[in-house]
1. Looking at the structure I just gave you, is Arg306 assigned by TED's automatic domain parsing to the domain that holds Gly269, outside any helix (DSSP H, G or I), within 20 Å of Asp278 (Cα to Cα) and at pLDDT 95 or above?
2. Consider region 238-257. How many of its residues are touching an Asp or Glu at 6+ places or on another chain (Cβ under 6 Å) and either buried (at least 16 other Cβ atoms within 10 Å of the Cβ) or among the hydroxyl-bearing types (Ser, Thr, Tyr) (or both)?
3. Within region 277-288, is there a residue that is assigned to a helix (DSSP H, G or I), among the aromatic types (Phe, Trp, Tyr) and closer than 27 Å to Val38 by Cβ?
4. Within region 156-179, identify whether any single residue is outside any helix (DSSP H, G or I), crowded, with 19+ Cβ neighbours inside 10 Å and among the hydroxyl-bearing types (Ser, Thr, Tyr), and answer yes or no.
5. Which of (1) outside any helix (DSSP H, G or I); (2) in contact (Cβ under 8 Å) with a residue 40 or more places away in the chain; (3) aliphatic (A, V, I, L, M); (4) closer than 28 Å to Ala50 by Cβ does Ala238 not meet, given it meets every other one?
6. Taking the condition of being in contact with an Asp or Glu (Cβ under 7 Å, 6 or more places away or on another chain) and either charged (D, E, K, R) or over 24 Å from Glu213 (Cβ atoms) (or both), how many residues in region 84-122 meet it?
7. Let me spell it out: the conditions are (1) in the same structural domain as Leu73 (by TED's automatic domain parsing); (2) at pLDDT 95 or above, and Ala145 meets all of them except one. Which number is the exception?
Amino acid sequence: MPEPGAQRLAGALSAKVDAAERSARVKRHAREVGFDLVGIAATSVPQGYARYLEAIARGHGAEMRWLTERPELRRDVREVWPEARSVIALGVSYASEVPGYLAAPPGPEEGWIARYAQGRDYHLVIKKMLIALANRLAADEALGAIESTRHRLFVDTGPVLEKAFAQAAGLGWIGKNTLLIHPGRVGPGRVGGEGEPGRGSWYFLATVLTPIELAVDTPGTDHCGSCTRCLEICPTGAFPEPYVLDARRCIATWTIESEAPAEVIEPAGLGQHVFGCDLCQEVCPWNRKVTPSRHAALRPRPENVRPRLDALMALSEEGFARRFPKSAVRRVTAAQMQQVIAAIRRGRDG
């Protein structure tokens, strides 16, 4: 049963504008604060939840204990925020024209940092945008002018199935590499004409759990077809089948999520990856024509593109913090990265 406050809110909203107009207003606010993609979904994604349960049952979550804690919270976002009546799914491009790992391979003494971490920490950038969006929603009388604190904001930090909600909200489909792929079409909730963010998978995702009743969008449909390039390029066999990722075999997990990388890394498949891996995205045909991100803070810092391994090995923990200010690379410590570099050298020399 809806809470009394939610019932009053629904009544007030229905007297002003209908759900479709409310959705249009929300999308306009989202675009105006800088989001590249925006769509609306209901509070649950049953197919996505079933995939999630199967993945953790098969042990595909690897060492990421936060994925397996209280799985019931991911069944419906109202388990996380009881006031939620709709989910606003959002995307921010981090695409760049810097040649990737395959186009310009790192040298023997160079490393590769995944594109998403080459610029400023996306959590910091997107959280500001989310707060700005919540404030705009609160100021919009046609949306009920409800307090900004009654919206719950997430950017890769809570028990929300962001990719599944993004697909449900029409932002794209979840590809065979298990990443959301935006088709690049102009349509409702997307920037049209000049400024269209471009197709592909170079997007950060975020969600807003809102008490506003909104009209939902048509879910994205699969356009992977018979292509299997992402599955074939993976050097560690992390995809046991299409649309399934076993994180225990994933370079990104080894180099970012593992507390003791030396114990899990298989050097022969590591290549020059010091932090994350982009291979399954680089070969995706949907990423062939890159539209660079308009978000300057997310563009690559020159020092984070093919950094020298010897320089990284020489860093103390304090030096590591100075070398990677406000960076997602700080997800790991200097000691963890140095274990990765040692494995890179073993794989290269052995």
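1. So Arg306 fits the description; yes.
2. Matching residues across region 238-257 total 2.
3. Yes.
4. Within region 156-179 (the criterion being outside any helix (DSSP H, G or I), crowded, with 19+ Cβ neighbours inside 10 Å and among the hydroxyl-bearing types (Ser, Thr, Tyr)), the answer is yes, since at least one residue qualifies.
5. (2)
6. Residues in region 84-122 being in contact with an Asp or Glu (Cβ under 7 Å, 6 or more places away or on another chain) and either charged (D, E, K, R) or over 24 Å from Glu213 (Cβ atoms) (or both): 9 in total.
7. Exception for Ala145: condition (2).
Residue by residue, here is whether (1) at pLDDT 95 or above; (2) more than 23 Å from Ala19 (Cα to Cα) holds:
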{"site": "Glu69", "(1), (2)": "no, yes"}
{"site": "Val87", "(1), (2)": "yes, no"}
{"site": "Val92", "(1), (2)": "yes, yes"}
{"site": "Ala104", "(1), (2)": "yes, yes"}
{"site": "Ala139", "(1), (2)": "yes, no"}
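The values are calculated or read from the model by the stated rules, or taken from the named source; none is laboratory data. Computed from a predicted model, the values in this text were never measured in an experiment. We place every Cβ from the backbone using ideal geometry, glycine too, and count neighbours over all the protein chains shown.
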